[in-house]
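Structure record follows, encoded as structure tokens.
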């Protein structure tokens, strides 16, 4: 295995490895193309540089398309930009969307799975007028500097353009290099100028960096961990400083003034320089120069090949005509295994582990020796992690085999407990709580203070390696490393795969790792299917079949969101498919709004009612009403005209007279057979809009209700309110009244106030309308009651005039009662007849009133004439008013001895009570009276 | 000692505390998110039930410094203060709120514009309990104040009034309940789902009546959905064995009958609100001030200087199972209460008497002294109950009360064919309109409608005597079928016989279901009694005599699991009875007495949308000017 070691380069104490990830068949001369690659093994986008002369006549070299390839060189898409102005720059967002900045300041952001529907943004007028001088794209920001040195920043997430204060640059000064980054929520724009100055611009202002005296900075880059800044000057000096430029950490003289094509970080520990046409042994070759700590460096010569370097968090990818390579630091676990002449326990385990299976007796001895030295955990873990960092599946297998043999020697639980503190380089990976997904099945180890058993680590690492190998396959072409994977997490990986339209693989990974995203993957797949050109029925069947197979047939148990699929189908213009899919959605709160949006009002309403959630029903009703702009009350006038018509003809007449009637008809159709929806709407309008309510009630044939609504209106007519057109809930009315009376206090406008007469007249008018409705509806009880009320109001007005006391608002009985108490008995007698109050009841009223005002003489006079209600009530009203003595003559008039006795008892006249009781021959009754007397 | 049984051997209590804690934690969390000075604005009408879940100490603990009631003229907001409105989503309240907010908006426009920003920063928050409604949002938006306030809801959940009584306290529910409005049903379902989070999945759901069916089916549906979402969650062991959902419409008669059990009568005479009754302060002025439980309003009162001389001052007295004497008599027939109080008084005086025995050893004296506070508590509660009993007896002995009771019972027992004369008399004497409607409706329900002649007569009379505005009440009652025209013969005589509703000769000293109404056993209690023994299925034909009595059972577990549970269960089966549309105190007492009747085989925990009584029912229907 030492051949591995020989391929490594040593930079001071560190080893670096550069190896081929894929042999590319794209056969492209990268010199002619401008390229930009997405991070974490993501795809690479290229387009032909407009400034380069084309000598090839392959299709790809022609035209102005942007082509997208996987790292393995497989073309996965192209974007036609022939109708667009020149491309200024490209970049990638964190979630693998391609950013293209055009000359006119337009920004297209293309999702990988839907290249033809980019998000389009714009830098605006200023940019268009002044033109783009320089630009820089980061995953979240696009920065442009106009020819007039205005700086504009577009933030993708917030979808907004910020303009920084313009900078003052002397005339004839060019920008030689540009760098933009965000650090601690502060934006930093570093500009290298041809006048040998470097400016740092933040929101606070512009600052000059005086670090690289009198040199022009031609290339700059910031390390992926944002801790180090690197740059190269026109004199061939390479600097590495801290991110705040305060300390120069490295100064490297290239002893050449050739300006490198690219200056890129390789991880956060070395920098890579791509230099063209460097003399070597008399030849001219392209050079990849790697500079590490302490000015150590390595030269990689590439002959005539042109390169493209893209930085990764733990290394760099290098694209050339025929290959995609990866450069990175070798992790200590691999060094200790593969280092030449290593005798570390892990090396021994690795070597003997593989001979062990060949039944080599020495191997067993060697392994036992590791056990005896108490080094087995260490050795096993090193092998496991080395496998994780390995790209070669052969070596992965061997490492894991060795680890597997080694761990079987750790028999007891204590044996297998791992002390992570011993493994500095591994610790950060496993102790990051964000990476908890790799412990999905080990609930006890989600606590990172808990020691991990090597069995767990082995199992988890094996799974991770399987996933990594799967996605590294040239067909998928994502050469992700273990640290990259752990950094973005499995959820993001699934997202990346979905963006790459790798639905099957994503689904298998979800199943393999038992992830919750399983449903999400299925939905994404279905959505992609919906976007395809297949027939609606095929799509529906395919989706249903797949879901049945994968999630089971039980509708409720599988609970997948059909809403998202339906939404996709709806926006893809497949309404029928959308409706069919949406039928399967379980959550009404999702289902109903989409039905509404698709104008399926009937279904939406049905589903809302079924759900039992009134809120949802309301929202449907209100949406439908607002969409149709139901303003039923605006047509009030025409309705009041129709009120005189017979009700059987009402609907017909409405359809003739009223344009809005068609709408009403639609509404009634919608509500037919849905009593709960009708009641909700009635409830809503009852509180909000009586005019609309009235129309609805009419439409439902509830004419008595319409009439009662009128009567309600009559009650809301008061002195302070001039009109009752906008009738509302009485409670609201009251509030308005308060408001109005407050207003009136300040204005003092007596003209607004109605007289008592006006109020009654208005009331009568409204009541008459009600009466018409009742009589048309053949509701005789309400009709009679209403007419009586009209009569009563007229009488009460008279009473008020005569007595100057308040009468309006009282009932018939109360009116007569009041008249009697006010000595208006004759008038009361007259009204009694006119209001058709029975004689017996009138007697009751009269005697109660007389007793109330203590006119007992009149009561006696009345008792002399024949009473239709007997004489007991006379006694009762006296007793009620504590006039016990006055009650006695009336009690005497009663014939029933028991009643007599009872009433005497109430007045406290025990002697008379007992005397009457004695006639009854009821000793118990007498006892009762006597017992009461004692009390 | 029927009540105290629940305290001792049912583990249902800790779950209730846990529920309350969860609600409180939720409140704390919501308040934590609002930084800065806080003042809270409450609805005086519903603050009582809120206080049972979140009391003033919790609010203070959450940094609320000021407490105000929502009214028309709220004081202007101080700088840098958060104003938190904690109210139910009632139209009137929301309107008051929007009026206030509009003033805030107007004020900011008139004054300097800069201040507007400030006021926006001094946030207004609106928490609606038990939940938000779209209508509220609409109103806020229509009045143009939606952006001035942060709207959220706060689900108080099901409020434990008692160890065996839970209520949602949905106001205005009763009238809505009669209509096709299903909003409360959805809320009931979610509340039951939440409840199950604390007490575990209820394996068996029995329902009777249309609305119950709706809730039961929704419950099952949502249950499956949530289960599906939390597949790995360990299901809590169910503390409740069975749920019976009872639709009030199946028995409208019982709530209209005058309650004769002690607690029921206290309610009829003094009105019990959220387990509190307001009594004249002098009744409670015992030689030692009984420490009031932390209750919102009381605390407020305590902060003010107490004026002791006001004779009309009323004070709150808690009526729940912490009062042991009350627990003993609450379910009893009023006729029995006097005797029990008498013997209690003797007991206590005997215990007091031991104090004066000479030659006591120091240790026995100490034992006695230790008992003293307990004794004093008992003495205090005894004196309060004696005063209440006196007051109640004074009222019940009057013909006004006894006549009504006699007529109600005579109607129920079929001894009279109608109470027309009595009702006419009530009207002629202009008795309270509620009393008239109450007996009129009872008669209509029992006779399955009034004769045409009587129907017309009473409608005419009510409008003439009480006023035109009552045509709405009449219409509402008619629409809801409570007051109607006779169409067919009444089933009630058969029902009375089959369900053994009437027995005037029961032994009053013994606990018996009849005692809560002095001879009438509530239909609701009778139906629940037969839910398991013999089971509704076996009395199908008899049940169908009742209105709205379709029934069914839904299982949340497999038959096998159910049988297993049945075998494992200790003696008592815990049954949660949910009354949709309210339950009366008498029915609660009736169910407690039923437990004894059934040999403690079942323990009933009662849940409901609201604790109601006849006055509430008739009042909610006859509210004038509402229809």
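Sort the following peptides by mean Cβ neighbour count (other Cβ atoms within 10 Å, averaged over residues), highest first: B:19-30, B:463-474.
Numbers: B:19-30: 15.6, B:463-474: 22.5.
Ranked by mean Cβ neighbours within 10 Å, highest first: B:463-474, B:19-30.
At what distance in angstrom do the alpha carbon centres of region B:531-610 and region A:862-935 lie from each other?
Comparing the Cα centres of region B:531-610 and region A:862-935, I get a distance of 52 Å.
Ranked highest first by average number of other Cβ atoms within 10 Å, how do A:188-199, A:155-166, B:55-66 line up?
So the order, starting with the most tightly packed, is A:188-199, B:55-66, A:155-166.
Would you tell me the mean number of C-beta atoms belonging to other protein chains that fall within 10 Å of each C-beta in A:609-618, as a whole number? List each step's numbers first, then the result.
Working: counts 1, 2, 5, 14, 8, 10, 9, 2, 5, 6.
The shielding value for this peptide is 6.
Please list the equivalent ellipsoid semi-axes of region A:836-935, computed as the square roots of five times the alpha-carbon gyration tensor eigenvalues, in descending order and whole angstrom.
Over the Cα atoms of region A:836-935, the ellipsoid semi-axes are 27, 14, 10 Å.
Return, for the Cα atoms of the protein assembly as shown, the radius of gyration and Dmax in Å, separated by a comma.
Gyration radius and largest Cα-Cα distance of the protein assembly as shown: 44.2, 151 Å.
Mind sorting B:546, A:605 by how few other Cβ atoms lie within 10 Å of their own Cβ, fewest first?
Lowest count first: B:546, A:605.
Tell me, what does the Kirkwood hydrodynamic radius of region A:33-137 come to in angstroms if you use every pair of distinct C-alpha atoms? Provide the component values of the computation, followed by the final result.
Numbers: mean 1/r = 0.0698 Å⁻¹.
After inverting the mean inverse Cα-Cα distance, the result is 14.3 Å.
Can you tell me how region B:480-587 classifies by the Cα gyration tensor, rounded, prolate or oblate, using a/c under 1.5 as the rounded cut?
oblate
Does region A:822-876 come out rounded, prolate or oblate, given a ≥ b ≥ c as the square roots of the eigenvalues of its C-alpha gyration tensor, rounded meaning a/c under 1.5 and, failing that, prolate meaning a/b above b/c?
oblate
With everything on Cα atoms, drop me the angle between helix A:756-776 and the longest principal axis of chain A, reported from 0 to 90° to the nearest 10.
80 degrees
If you build the convex hull over the alpha carbons only and average its shadow over all orientations, what do you get for region A:235-334? Give it in nm² to one decimal.
For region A:235-334, averaging the hull's shadow over all directions gives 7.5 nm².
Taking just the C-alpha trace of region B:16-156, give me its Rg and Dmax in Å.
14.9, 52
When B:32, A:900, B:460 are ordered from fewest to most other Cβ atoms inside 10 Å of their Cβ, what list results?
B:32, B:460, A:900
Using a 10 Å cut-off on Cβ to Cβ distances, tally the other chain neighbours for every residue of B:466-478 and report the average as a whole number.
Per-residue shielding by partner chains comes out at 5.
May I ask you to sort A:346, A:134, B:487 by Cβ crowding, counting other Cβ atoms within 10 Å and putting the fewest first?
Lowest to highest Cβ neighbour count: B:487, A:134, A:346.
Rounding to the nearest 10 and keeping the result within 0 to 90°, find how far the Cα-based axis of helix A:518-531 lies from the longest principal axis of chain A.
Around 90 degrees separate the two axes.
With 20 Å bins from zero, work out the P(r) of chain A over every alpha carbon pair and list the percent per bin.
10, 25, 22, 15, 13, 11, 3, 0
Tilt of helix A:503-513 relative to the longest C-alpha principal axis of chain A, in degrees (0 to 90, nearest 10)?
Between the helix axis and the principal axis of chain A, the angle is about 80 degrees.
Per-residue Cβ counts within 10 Å, from other chains only, averaged over B:454-464: what number is that?
Taking all residues of B:454-464 together, the mean is 4.
Ranking request for peptides A:908-917, B:145-154: highest mean number of other beta-carbon atoms within 10 Å first, then the rest in descending order.
A:908-917, B:145-154
Kindly provide the helix-only [θ] at 222 nm of chain A, computed as the sum of -39,500 (n - 2.57) over DSSP H runs of four or more divided by all residues, to the nearest 500 deg cm²/dmol?
-14500 deg cm²/dmol
Quick note: the coordinates plus some simple rules give every number you see, no bench work behind them. Not measured: the values here are computed from a predicted model. Methodologically, a virtual Cβ is constructed for each residue, glycine included, from the backbone with ideal geometry; neighbour enumeration extends over all protein chains shown.
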